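K.L.:
Dropping a structure here in structure tokens format, bear with me for questions.
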Amino acid sequence: MDEVRSLVEAQLAVARDRNPELRALIRTLDPPAAGDGPLHGLTVSVKDNIDVAGVPTTAGSAHLGTEPAAVDAEVVRRLRAAGALITAKANLAEFAMGVVGRNAAFGDVRNARDPRCISGGSSSGSAVAVASGMSTAALGTDTGGSGRVPASVNGIVGLRPTLGRVSNQGVLPVGESFDTVTPLTADVATAAAMLAVLSSDGPTVDSLLGQDIAGLRVGVATGFFRARVDPGVQRVVDGVVAALRSAGAVVRDVEVPGAAEAQDRMIEIMYPEAAAVHARRLREESDTIDPDVLRRLRIGQSIPPETSARARAWQRDFRDRVDALFEDCDVVLTPTIPVDVPRRDAVDLAASTQEIARFCYVWSCYGGPSISVPAGDHPGSGLPVGVQLSAAPWREDRLLWAAARLSEHTLSGTGGGGGSSATRSPEAGAGHRCSRRP
């Protein structure tokens, strides 16, 4: 048995052993032999709102996905062509709407580090599959934090690309103005290698992973990003900032203009889009929709078009103001989520999204790339704390450079999942200038 096949068998054994408790996977797949390519032998779990040919796409609903998908989603096609192996379809919040990992049809996904705690969402199963060793990597999706939140609470890397860089063909949408496929991995280098394969638009991903940290310009967000932050989370973030400064990064405090409004304005655009996707089901079969998801879709139906239009106008101005911020910094640093990982029995579903994901929504509304990187463990609970880095649109090169250096200088020896593995530089293309593409 060759090395790749041995890995697949070992990970399927982990799934058989742990999935009954963690509920990360909806189904496992037995892939053919890996082809040649830059991702040869990389095992990938795919969130079950992304089409895999021959397999039903449930989107986390017991009433969807009765027929197998006819063709692979574009991102799955690209992974296979690069030599990756699709080994599972991963559980998720129904219709990819929710941040705690709840799913009434296939079971609530449990946190890989502590099953009593939330797994994050909506890409809950994708993150837990990687964190628990059921696959080496995963595909999730991220609209308002659906990739970064589960990455943070499970102690792995979640990369949200620039909006439009990665194809959404074959992916069931939440809000088309904000959706993107996101790689979920154990280290920064693997996320960068996956992004290089998945990119279908924009400048080529330029690898700066090996560049020294000296001169990296880091803006540490204050104001909104300091409000109501758990003291243990803030302590970990402050330690990261100190480590980056001592390693030679140029660190300064910055204010992100409009951050406090971004989530509300984004919801005024996103929820009506989600309601439009599910209009027929809302009209004819609303009793088949999870009650929390139904509540959000009904909110979307109640938002008038003129409110969404005003929100889009606000968003255009917001993007221009944040663009100006990135003229003086390469990345902006914040906590990924403002709280310690909550226990599943202590979460209020109606309030969870706005509180847990509020730091992620800001950057989804902006549209540039963001990444959640493990920063260490909470001093009280011992659960993972993620740091979020964000960059200007199409500057994934700077984002990955900063993330790799953050991992190298702050995580080695902490158990946070980083260390020297994050500095391996995948093949990537030529440099490019930063610009906002239409």
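The values are calculated or read from the model by the stated rules, or taken from the named source; none is laboratory data. Here the structure is a predicted model, which is why all the values come from computation and not from measurement. A quick note on method: Cβ atoms are made from the backbone with ideal geometry, for glycine too, and the neighbour counts reach across all protein chains shown. Side chains included, ligands, DNA and RNA excluded: accessible areas come from the protein's heavy atoms. Shrake-Rupley method; radii C 1.70, N 1.55, O 1.52, S 1.80 Å.
K.L.:
Failed condition for E67, given (1) in contact (Cβ under 8 Å) with a residue 40 or more places away in the chain; (2) open to solvent by 10 Å² or more (accessible area, probe 1.4 Å), with all others met?
P.N.:
The one condition E67 does not meet is (1).
K.L.:
In the range 368-392, what residues are part of a loop (DSSP other than H, G, I, E, B) and either of a type in the set (D, E) or surrounded by 24 or more Cβ atoms within 10 Å (Cβ to Cβ) (or both)?
P.N.:
The answer is G368, P369, A391, A392.
K.L.:
Residue by residue through the range 187-204, note down the ones that are crowded, with 22+ Cβ neighbours inside 10 Å and either acidic (D, E) or part of a loop (DSSP other than H, G, I, E, B) (or both).
P.N.:
Of everything in the range 187-204, just one residue is crowded, with 22+ Cβ neighbours inside 10 Å and either acidic (D, E) or part of a loop (DSSP other than H, G, I, E, B) (or both), namely D187.
K.L.:
Just a yes or no: is a residue in the range 117-125 touching a Lys or Arg at 6+ places or on another chain (Cβ under 8 Å) and in a helix (DSSP H, G or I)?
P.N.:
yes
K.L.:
Looking only at the range 10-22, decide whether some residue is open to solvent by 30 Å² or more (accessible area, probe 1.4 Å) and of a type in the set (K, R).
P.N.:
Within the range 10-22 (the criterion being open to solvent by 30 Å² or more (accessible area, probe 1.4 Å) and of a type in the set (K, R)), the answer is yes, since at least one residue qualifies.
K.L.:
Still on this structure, I have one more. Can you name every residue in the range 284-318 that is surrounded by fewer than 17 Cβ atoms within 10 Å (Cβ to Cβ) and in contact with a Gly (Cβ under 9 Å, 6 or more places away or on another chain)?
P.N.:
The answer is D317, and nothing else.
K.L.:
Something else: Quick one: which residue in A104, A81, A112 is open to solvent by 10 Å² or more (accessible area, probe 1.4 Å), under 19 Å from I289 (Cα atoms) and aliphatic (A, V, I, L, M)?
P.N.:
Matching residue, one of A104, A81, A112: A104.
K.L.:
Any idea how many residues of the range 147-165 are farther than 21 Å from L406 by Cα and open to solvent by 10 Å² or more (accessible area, probe 1.4 Å)?
P.N.:
Residues flagged as farther than 21 Å from L406 by Cα and open to solvent by 10 Å² or more (accessible area, probe 1.4 Å) within the range 147-165 amount to 2.
K.L.:
Another question about this same structure. Do the conditions hold for A53, that is, is it open to solvent by 70 Å² or more (accessible area, probe 1.4 Å) and small (G, A, S)?
P.N.:
Here the answer is no, as A53 does not meet what is asked.
K.L.:
Mind counting the residues in the range 355-390 that are closer than 16 Å to G120 by Cα and charged (D, E, K, R)?
P.N.:
Total meeting the criteria: 2.
K.L.:
A further question on this structure: Name, by its number, the condition in (1) surrounded by fewer than 24 Cβ atoms within 10 Å (Cβ to Cβ); (2) modelled with pLDDT of 95 or more that does not hold for L184.
P.N.:
Condition (1) is where L184 drops out.
K.L.:
Right, here's the next one. Only residues that are modelled with pLDDT under 95 and not aliphatic (A, V, I, L, M): list them for the range 39-84, please.
P.N.:
Within the range 39-84, the first condition is being modelled with pLDDT under 95, and the residues that meet it are 62-67.
Residues satisfying the conditions are H63, G65, T66, E67.
K.L.:
Regarding the range 375-385, can at least one residue be identified that is in contact with a Gly (Cβ under 8 Å, 6 or more places away or on another chain), of a type in the set (S, T, Y) and modelled with pLDDT under 95?
P.N.:
Looking for residues that are in contact with a Gly (Cβ under 8 Å, 6 or more places away or on another chain), of a type in the set (S, T, Y) and modelled with pLDDT under 95, one finds none in the range 375-385, hence no.
K.L.:
Further, regarding this structure: Which of the following residues is under 26 Å from S119 (Cβ atoms) and either surrounded by 13 or more Cβ atoms within 10 Å (Cβ to Cβ) or among the aliphatic types (A, V, I, L, M) (or both): V332, V341, V322?
P.N.:
Working: V332 fails: under 26 Å from S119 (Cβ atoms); V322 fails: under 26 Å from S119 (Cβ atoms).
Among V332, V341, V322, only V341 is under 26 Å from S119 (Cβ atoms) and either surrounded by 13 or more Cβ atoms within 10 Å (Cβ to Cβ) or among the aliphatic types (A, V, I, L, M) (or both).
K.L.:
Against the condition modelled with pLDDT of 95 or more and in a loop (DSSP other than H, G, I, E, B), how does D320 come out, does it pass?
P.N.:
Answer is no for this residue.
K.L.:
Tally up the residues in the range 24-55 that are charged (D, E, K, R), in a loop (DSSP other than H, G, I, E, B) and within 19 Å of the chain's Cα centre (by Cα), please.
P.N.:
2
K.L.:
Enumerate the pairs (first residue in the range 252-269 and within 14 Å of A313 (Cβ to Cβ); second residue anywhere and open to solvent by 20 Å² or more (accessible area, probe 1.4 Å)) with beta-carbon separation below 7 Å, excluding pairs fewer than 6 apart on the same chain, so at least 6 apart or on different chains.
P.N.:
Hits for this filter: G258/R321; R265/W314; E268/I303; E268/T307; I269/S177; I269/R312.
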